[in-house]
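What follows is a single structure, written as structure tokens, with notes after it.
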Amino acid sequence: MISSVVSIVLVIILSFFILLSILFIYMLVTKLMQNSLRQKIDQHKEELRAKVFEYLYRQNQDILEQEWSGNQWKAMEELFSDFADVVQGDEVQERITHFANTHFMEKYKRNLLHRRWSIRMNSLYAIEDFQLKSMVPYLLNTYEKRTLSQEERRQLLKILVRFQTNHWEELVIEPNWRLSEFMYRSLLGVMTERQFQAMVTNFDAFPEYIQLPVLDMIGIEGKREFLPFLEDLLRISSGEKKIRILKALNELGYSKVLEWMGHVDLKESSWEERLMLSKLLGRTNRKESLLILTEFLSDTNYDVRNNAAKSILSIEGGAYHLHQVLETSSDRFARDMAEEWLQKGGQIRGR
């Protein structure tokens with residue numbers, strides 16, 4: 001009985017190792033085949049590079065009439081993609097687009113229906129790189145019938161925006177295509193100045209989940225031409241929108257915050273608002289800011305207190321003001337923060 005059990009166990013172990021060996025051999029063979037294919041494609045790329053260059057930069061049309069093998073077509077696609085990444089000049093880009101329209105478009109149409117996500121995504125990237133604007137109607141028709149992944153939605157919208165498709169603003173706010181804030185920021189980052197201006201002009205027509213990334217990108221990209229827009233919007237905004245406006249103003253180096261501080265109710269404000277205000281007040285270099293910042297030194301939120309002290313030191317006479325707080329304030333939070341920043345600034349030694 002025992003010997004039978006042992007035999008069965010040995011057979012199972014042996015079978016397991018045989019399976020592992022077969023899997024290892026399969027993976028090894030697959031890897032060798034992939035490496036061999038890669039070498040062949042790279043070899044074809046070196047052979048064909050001069051022909052592609054002649055077509056793109058010297059207008060030699062012979063390449064348009066030639067036929068290639070399967071691996072050569074792959075090499076050609078990669079070569080044109082390489083050139084598309086570094087190309088300068090509309091004429092060269094037009095030749096890239098013409099070649100891709102002629103030789104690659106049907107392949108991408110098939111690939112967009114492929115069951116593998118990676119193949120669909122790579123085709124979308126290629127459509128963008130080659131600027132295949134003629135595929136826009138096909139993209140719209142195809143993806144109206146499909147369930148999209150978040151990445152496909154983002155890439156599809158990016159293509160439609162970059163190609164300045166008709167009614168692209170309506171596509172951006174299509175509720176069934178809602179993206180994450182990060183993806184909307186990415187989308188806004190590829191817009192032309194004219195397109196971004198349209199986003200600001202039609203700001204009220206967009207839902208808040210798009211408005212917030214628009215405000216973020218004004219600050220991130222340093223679009224100071226929209227300062228008047230931010231100032232006007234600040235006076236009528238509240239909540240998260242107000243925080244994003246303040247953050248954008250801070251990133252733009254805005255220094256006129258005192259002009260509308262009379263409209264701010266500090267008691268009703270969130271700690272995020274007070275944090276951004278503490279940063280903005282430090283840019284004013286005005287003594288009037290010291291009074292407000294001194295109030296922030298007693299704030300219940302550490303970050304607000306910390307940035308208030310930092311901003312006080314950035315204002316002329318700020319170090320003396322912090323000394324006064326340290327010596328006379330009845331608030332322990334304010335005294336501790338004043339002492340901490342005076343030490344950081346080398347104004348006093350640790351006690």
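Could you identify the single residue in Leu188, Leu157 that is open to solvent by less than 40 Å² (accessible area, probe 1.4 Å), in the same structural domain as Asn122 (by the TED database) and in contact (Cβ under 8 Å) with a residue 12 or more places away in the chain?
Details: Leu188 fails: in the same structural domain as Asn122 (by the TED database).
Unique residue meeting the criteria: Leu157.
Could you pull out the residue among Glu54, Glu106 that is free of Cβ contacts under 8 Å to residues at least 60 places away in the same chain, acidic (Asp, Glu) and open to solvent by 100 Å² or more (accessible area, probe 1.4 Å)? Steps first, answer last, please.
Details: Glu54 fails: open to solvent by 100 Å² or more (accessible area, probe 1.4 Å).
Only one candidate passes the filter, namely Glu106.
Which pairs turn up if I take residues in region 250-266 that are at positive phi and look for partners that are surrounded by fewer than 16 Cβ atoms within 10 Å (Cβ to Cβ) and in a helix (DSSP H, G or I) with beta carbon separation below 9 Å, at least 6 apart in sequence or on another chain?
Final answer for the pair search is Gly253/Arg224.
Within region 312-324, how many residues are open to solvent by 10 Å² or more (accessible area, probe 1.4 Å), more than 10 Å from Leu342 (Cα to Cα) and touching a residue at least 24 places away in the same chain (Cβ under 8 Å)? Outline the logic, then answer.
The first filter runs over region 312-324 and keeps only residues open to solvent by 10 Å² or more (accessible area, probe 1.4 Å), leaving 313-314, 316-317, 319-321, 323-324.
Checking which are more than 10 Å from Leu342 (Cα to Cα) leaves us with 314, 316-317, 321, 324.
The next check asks that each one be touching a residue at least 24 places away in the same chain (Cβ under 8 Å); those that pass are 314, 316-317, 321.
Summing the residues that are open to solvent by 10 Å² or more (accessible area, probe 1.4 Å), more than 10 Å from Leu342 (Cα to Cα) and touching a residue at least 24 places away in the same chain (Cβ under 8 Å) in region 312-324 gives 4.
Considering only residues that are within 20 Å of Gln164 (Cα to Cα), of a type outside the set (A, V, I, L, M, F, W, C) and assigned to a loop (DSSP other than H, G, I, E, B), which ones fall in region 97-140? Write out each step before concluding.
Step one: of region 97-140, the residues within 20 Å of Gln164 (Cα to Cα) are 97-98, 100-101, 105, 123-140.
Then drop every residue that is not of a type outside the set (A, V, I, L, M, F, W, C), which leaves 97-98, 101, 123, 125, 128-129, 131, 133-134, 137-138.
Passing the criteria: only Gln131.
Identify all residues within region 253-263 that are touching a Lys or Arg at 6+ places or on another chain (Cβ under 8 Å) and not aromatic (Phe, Trp, Tyr); write none if there are none. Give the derivation first.
Narrowing region 253-263 to residues touching a Lys or Arg at 6+ places or on another chain (Cβ under 8 Å): 253-255, 257-258, 260, 263.
If the condition is that a residue be touching a Lys or Arg at 6+ places or on another chain (Cβ under 8 Å) and not aromatic (Phe, Trp, Tyr), then Gly253, Ser255, Val257, Leu258, His263 are the ones that fit.
Failed condition for Gln66, given (1) farther than 27 Å from Arg162 by Cβ; (2) open to solvent by 90 Å² or more (accessible area, probe 1.4 Å); (3) in a loop (DSSP other than H, G, I, E, B), with all others met?
(2)
Identify, by number, the condition in (1) modelled with pLDDT of 95 or more; (2) in contact with a Lys or Arg (Cβ under 7 Å, 6 or more places away or on another chain); (3) assigned to a loop (DSSP other than H, G, I, E, B) that Leu266 doesn't meet.
Result: Leu266 passes all but (1).
For Asp85, only one of the following conditions fails: (1) surrounded by 14 or more Cβ atoms within 10 Å (Cβ to Cβ); (2) in a helix (DSSP H, G or I); (3) not aliphatic (A, V, I, L, M). What is its number?
(1)
Confirm whether Leu291 is surrounded by 16 or more Cβ atoms within 10 Å (Cβ to Cβ) and either aliphatic (A, V, I, L, M) or part of a loop (DSSP other than H, G, I, E, B) (or both). Don't jump to the end; show me each part of the working.
Details: surrounded by 16 or more Cβ atoms within 10 Å (Cβ to Cβ): no; either aliphatic (A, V, I, L, M) or part of a loop (DSSP other than H, G, I, E, B) (or both): yes.
When the stated conditions are applied, Leu291 does not pass them.
The values are calculated or read from the model by the stated rules, or taken from the named source; none is laboratory data. Computed from a prediction, not measured in an experiment: that's the story for all the values here. Every residue, glycine among them, receives a Cβ derived from its backbone with ideal geometry; neighbour counts consider all protein chains shown. In case anyone asks, the SASA skips ligands and DNA or RNA and just uses the protein heavy atoms, side chains included. Shrake-Rupley method; radii C 1.70, N 1.55, O 1.52, S 1.80 Å.
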